[in-house]
1. Scan the range 146-163 and tell me whether some residue there is surrounded by 10 or more Cβ atoms within 10 Å (Cβ to Cβ), assigned to a helix (DSSP H, G or I) and β-branched (Val, Ile, Thr).
2. Among the residues of the range 136-162, what is the count of those that are more than 18 Å from the chain's Cα centre (by Cα) and of a type in the set (D, E, K, R)?
3. With the structure loaded, tell me whether Tyr106 is closer than 22 Å to Gly12 by Cβ, aromatic (Phe, Trp, Tyr) and under 15 Å from the mean Cα position of the chain (by Cα) or whether it fails that test.
4. Could you list all residues from the range 96-130 that are more than 21 Å from Thr25 (Cα to Cα) and not polar (S, T, N, Q)?
5. Please go through the range 24-57 and pick out each residue that is exposed (fewer than 15 other Cβ atoms within 10 Å of the Cβ) and in contact with a Ser or Thr (Cβ under 9 Å, 6 or more places away or on another chain).
6. Just to check your reading of the model, which residue among Ala35, Ala27 is of a type in the set (A, V, I, L, M), assigned to a helix (DSSP H, G or I) and under 11 Å from the mean Cα position of the chain (by Cα)?
Amino acid sequence: MSAEAEIKRKLGLVQVYTGNGKGKTTACLGLAFRAAGRGLNVVMLQFLKPAKGYGEHMAAEMIPNFEIVPMGADHMAGKEITREEDIELTRKGLAKAEEALTSGKYDLVILDEINNSMKFGLVSPQDVIAMLERRAPNTEVVLSGRGVPQEIIDYADLVTEMKLVKHPFDRGIGARKGIEY
């Protein structure tokens, strides 16, 4: 068995990165970078995040086996967003997630900010778990975002909570290119 086949044979867990502290998406990106370096095929589907302006999108374009798909409206820019628009974007995102999880094409599927989508009532934990149950064998999955429901915690194999101790936002320092996005 090749080293790559041995790596892929051991995949298939569900990980969760949650909490109010900074670093959930960053942890996802670190894992994606590590997996891609080992030859694994990685996709990161970003719920509630827009298509432009994020440094990780530019970096992922340089890595042939790592793809990022933003699937949200731009809430951060003060754009008027309706709940209906968020529900529709989440529905489309779930269809893409289902496709990625069941295709067998990806070894690692990251559902960035899906926890927030559940917290906001855009998708139910039961629907997410049902989708995870249908994933291809040996597909590792990461769910990130604040407010993870207890049902997801119970289902997951690993749950890490980022705890906020201190943040520059509290001193009026906004998000910085290359650091926060």
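The values are calculated or read from the model by the stated rules, or taken from the named source; none is laboratory data. Since the structure is predicted, the reported quantities are computational estimates derived from the model, not experimental observations. Counting neighbours? That spans all protein chains shown, and the Cβs are built from the backbone with ideal geometry, glycine included.
1. yes
2. Of the residues in that region, 1 qualify.
3. Values: closer than 22 Å to Gly12 by Cβ: yes; aromatic (Phe, Trp, Tyr): yes; under 15 Å from the mean Cα position of the chain (by Cα): yes.
Criteria met by Tyr106.
4. Listed by number, the residues that qualify are Glu99, Gly104, Lys105, Asp127, Ala130.
5. Answer for the range 24-57, where residues must be exposed (fewer than 15 other Cβ atoms within 10 Å of the Cβ) and in contact with a Ser or Thr (Cβ under 9 Å, 6 or more places away or on another chain): there is none.
6. Only one candidate passes the filter, namely Ala27.
For (1) touching a residue at least 60 places away in the same chain (Cβ under 8 Å); (2) hydroxyl-bearing (Ser, Thr, Tyr); (3) touching a helix residue (DSSP H, G or I) at 6+ places or on another chain (Cβ under 8 Å), each residue gets a yes or a no:
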site: Val16; (1), (2), (3): yes, no, yes
site: Leu40; (1), (2), (3): yes, no, yes
site: Phe47; (1), (2), (3): yes, no, yes
site: Gly55; (1), (2), (3): yes, no, no
site: Ala100; (1), (2), (3): no, no, no
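Let's see how each residue does on (1) part of a helix (DSSP H, G or I); (2) in contact with a Lys or Arg (Cβ under 7 Å, 6 or more places away or on another chain); (3) modelled with pLDDT under 95; (4) of a type in the set (S, T, N, Q):
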| residue | (1), (2), (3), (4) |
| --- | --- |
| Gly78 | no, no, yes, no |
| Arg91 | yes, no, yes, no |
| Asn115 | yes, yes, no, yes |
| Leu122 | no, no, yes, no |
| Ala130 | yes, no, no, no |
| Ala136 | no, no, no, no |
